[in-house]
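Asks: Supplied in structure tokens, the structure appears directly below.
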Amino acid sequence: MKNNKLTFTIFTLLLTIGLYAQGPPGGGGGRGGKGGGQRGGQPDASEILSKLDTNNDEVIDKDEASKDTRGKIAEDFDEIDSNEDSFIDLQELKDSLNNRSGKKKPKKVSAEKIIKEVDDNGDGLLNELEVAVKRKRELTKNFQEIDTNSDNELDLEELKVFYAKDDKPKRKKRD
């Protein structure tokens, strides 16, 4: 009985030392000067890339993005992939993080890319169901406004007009 108690005490001591040696959850300590994320904030682009790039090809593909525990990379994959090559590289990640923090203006939305991404039946038009299934909130919210010919479908020209409105700089009101 005394031998079991001693073994348990030694095991507990070793476990405790091991946990403290690892540092805080998420590996916050011991970075050795490497570029890390902001404390309590979002990680930087190089951290995200290194965590998600499981095949070490220096880009994130859709399969790797699907393993993002927060789901934001997979959810926003097509928006982050600004050059539409089906991969997210370090620069695209940096641009995406900068856009989220308000440092850069949002990138221009391509009407062609939206149709390609959302049009499930391949007719070149978007109906409300296709838009809802792909969770395009902005299109869902403004569907009736965008559908200027009232045919209950969005065509390329209607989308171009809608996104062109968003591109125009907003004038500040004078006091």
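Asks: Only one of (1) open to solvent by 30 Å² or more (accessible area, probe 1.4 Å); (2) β-branched (Val, Ile, Thr); (3) modelled with pLDDT of 90 or more fails for residue 69. Which number is that?
Replies: (3)
Asks: Of all residues in the stretch 125-159, how many are assigned to a strand (DSSP E or B) and among the charged types (D, E, K, R)?
Replies: Of the stretch 125-159, the ones assigned to a strand (DSSP E or B) are 126-127, 153-154.
Those left that are additionally among the charged types (D, E, K, R): 153.
The total comes to 1.
Asks: From 9, 54, grab the single residue that is assigned to a helix (DSSP H, G or I), polar (S, T, N, Q) and either surrounded by 10 or more Cβ atoms within 10 Å (Cβ to Cβ) or at pLDDT 80 or above (or both). Steps first, please.
Replies: Numbers: 54 fails: assigned to a helix (DSSP H, G or I).
Of 9, 54, the one residue that is assigned to a helix (DSSP H, G or I), polar (S, T, N, Q) and either surrounded by 10 or more Cβ atoms within 10 Å (Cβ to Cβ) or at pLDDT 80 or above (or both) is 9.
Asks: Going through 91, 38 one at a time, which residue ends up being open to solvent by 90 Å² or more (accessible area, probe 1.4 Å) and at pLDDT below 60?
Replies: Values: 91 fails: at pLDDT below 60.
Step by step, each of 91, 38 is checked, and only 38 is open to solvent by 90 Å² or more (accessible area, probe 1.4 Å) and at pLDDT below 60.
Asks: OK, next. Given (1) out of contact with any strand residue (DSSP E or B) (no Cβ under 8 Å at 6 or more places or on another chain); (2) buried (at least 17 other Cβ atoms within 10 Å of the Cβ); (3) under 23 Å from residue 109 (Cβ atoms); (4) not small (Gly, Ala, Ser), where does residue 79 come up short, assuming only one miss?
Replies: All conditions pass for residue 79, except number (2).
Asks: Which residues, taken from the stretch 147-164, are more than 24 Å from residue 82 (Cα to Cα) and touching a helix residue (DSSP H, G or I) at 6+ places or on another chain (Cβ under 6 Å)?
Replies: Start the filter on the stretch 147-164 by keeping residues that are more than 24 Å from residue 82 (Cα to Cα), which leaves 147-153.
The one that is more than 24 Å from residue 82 (Cα to Cα) and touching a helix residue (DSSP H, G or I) at 6+ places or on another chain (Cβ under 6 Å): 148.
The values are calculated or read from the model by the stated rules, or taken from the named source; none is laboratory data. Please read these numbers as outputs of a predicted model, since none were measured by experiment. When we count neighbours, we look across all protein chains shown, and the Cβ atoms used for this are built from the backbone with ideal geometry, even at glycine. Just the protein is used for accessible areas: all its heavy atoms, side chains included, with ligands, DNA and RNA removed. Shrake-Rupley method; radii C 1.70, N 1.55, O 1.52, S 1.80 Å.
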